[in-house]
Amino acid sequence: MSDPPAIVFQEFRRYRRQYVEYSDGTKLTRRVHKATFVPLTPWTAVLSPPASSSSSSAPLPVLHLSLVVEHQAAGEPKHWSLLCHREDDPRGRLWQVTGDAGRMRYAHLPDADKLSGGGGGDVAWRQVLNGELTAAQRATVEEVVGTEPPPRANIRADVKENCQGWVMRVLRRLAAEGIVEEIEVDKLREQMDPLK
């Protein structure tokens, strides 16, 4: 007598991917269209990480991609940056643009403390945009933030955006890649401060 066919145990969609787990333990994933959920790629197996050769059986902490919003001088718009960090670690890879709104420049930091208060900033709030950032997604974020140009303007009157606008452009591209949720990006637009 043969084994009964595997039945779907769990199915869900997250970050433009569809996941399915069968009763026999098989796990599959594929990319789907953001609005119609039409499959874009064939099913592939979700592989378990290789067994660790170390004696520690503790899982590695999950990477988060967070938006960090900091107060600046009175009357100034808040500073926005993106931080890739481990779940319970205030330190991580920081991506930001800084400087006068007409002449902003990249100011990325490999190991910044933005969440404990020890980094010198006055954090107004933060939001986790992806709570399970994979190594491949992190590489995509790195590529996007390195190619999205900082805001520039020849004269002050031509300034159209600041660090907040740059972060929003980055997040739109990350949403197109399925790394962050587009609905969250839309909600963040409502939190932007007016240009001064």
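The values are calculated or read from the model by the stated rules, or taken from the named source; none is laboratory data. Since we're looking at a predicted model, the values are computed, not measured. Cβ placement follows ideal geometry from the backbone for every residue including glycine, while neighbour counts extend to all protein chains displayed.
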Problem set entry | Answer from Glu190, Glu161, Glu184, Glu143 - the residue that is within 13 Å of the chain's Cα centre (by Cα) and either surrounded by fewer than 14 Cβ atoms within 10 Å (Cβ to Cβ) or more than 15 Å from Leu82 (Cα to Cα) (or both) | Glu143
Problem set entry | Those residues of segment 68-89 which are outside any strand (DSSP E or B), closer than 24 Å to Thr140 by Cβ and either touching a strand residue (DSSP E or B) at 6+ places or on another chain (Cβ under 8 Å) or basic (Lys, Arg) (or both), in sequence order | Glu87
Problem set entry | Subset of segment 109-134 that is touching a residue at least 60 places away in the same chain (Cβ under 8 Å) and either small (Gly, Ala, Ser) or within 15 Å of Trp80 (Cβ to Cβ) (or both) - its residue that is surrounded by the most Cβ atoms within 10 Å (Cβ to Cβ) | Leu129
Seminar exercise, completed: Taking segment 96-107 and keeping residues at pLDDT 90 or above and either buried (at least 17 other Cβ atoms within 10 Å of the Cβ) or part of a strand (DSSP E or B) (or both) leaves Gln96, Val97, Thr98, Met104, Arg105, Tyr106
Exercise. Here are some conditions: (1) farther than 22 Å from Glu181 by Cβ; (2) free of Cβ contacts under 8 Å to residues at least 40 places away in the same chain. Arg86 meets all but one. Which one does it not meet?
Worked result: (1)
